[in-house]
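The values are calculated or read from the model by the stated rules, or taken from the named source; none is laboratory data. Quick caveat, the model's predicted, so the values are computed rather than measured. Methodologically, a virtual Cβ is constructed for each residue, glycine included, from the backbone with ideal geometry; neighbour enumeration extends over all protein chains shown.
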Amino acid sequence: MKIAFQFFAFLLLIMGLTFTSCVSSKKFKASEATVSQLQNENATILNKLNDCDAKVANLNTQKTSLLSDNAAVLNDLKVLSNESKMTIADQAKRLKNFQDMIQSQRNVMAKLKNTIADALMNYKTDELSVYFKDGMVYVSMEEKLLFKSGSDVVDPKGKEALKSLAKVIDGTSDIMVMIEGHTDNVPIKTKQFQDNWNLSTARANSIVRILTNEYGFDPERITASGRGQFHPVKTNETAEGRGGNRRTEVILSPDMKELYKLLYSN
């Protein structure tokens, strides 16, 4: 009986140790799992921290760049401000000179217009007209004063008008002269002239040659151009309108060289 009791006690002891061992093993495995989870979470947090550090570094770089750019802009503004303060008196003087020069040119052109009108006052209004437009003086001479139909040869009466005009403009310095030929929209095609554009250019050239070769006007101050039927001043639907469009215009403009020098000088 005593032996059986001892055996039973020993068996209980073995079972207790075995149970304790099983419990410890489960706790150990659970601890291992917890440690592994914590390690993973720690790695994730470290990665996020590294990303944050990188973003902070990038923002700091951008901030440094912006500060540098801002400093450069402020410096440029300061330089411009200083230059503006230094030259404000010169700018005011230049503006005054510019305004005086423009007004002077206006006065010259207004006087020139009146002088030309007086010199050509004997011609009829349906032969020529003198007017002021866009700061320039226009002397518009119709075909019947200058040319026969389809011809670029200037009639004697037209030459007399050009002679009177040449006396006025040759005595006026600092003006440029543009001769523009114009036609109506009725097509022309002859052995001499292929089209209206060709005719209008030939007529402008004829007047340039008379003014320069016969009346001594400075060829460096004169230009010829033909504009064909593309710039009518009247309707081409009537005979009277077409007659008004067949014209040659002498356009007088002030020489702009001095103005350009003033505008673009330092």
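When ALA110, ALA117, ALA202, ALA161 are checked against the criterion of being crowded, with 20+ Cβ neighbours inside 10 Å and of a type outside the set (S, T, N, Q), ALA161 stands alone in meeting it.
Residues of the stretch 186-195 include none that is in contact (Cβ under 8 Å) with a residue 60 or more places away in the chain, in contact with a Lys or Arg (Cβ under 8 Å, 6 or more places away or on another chain), of a type outside the set (Lys, Arg) and in the same structural domain as MET141 (by TED's automatic domain parsing).
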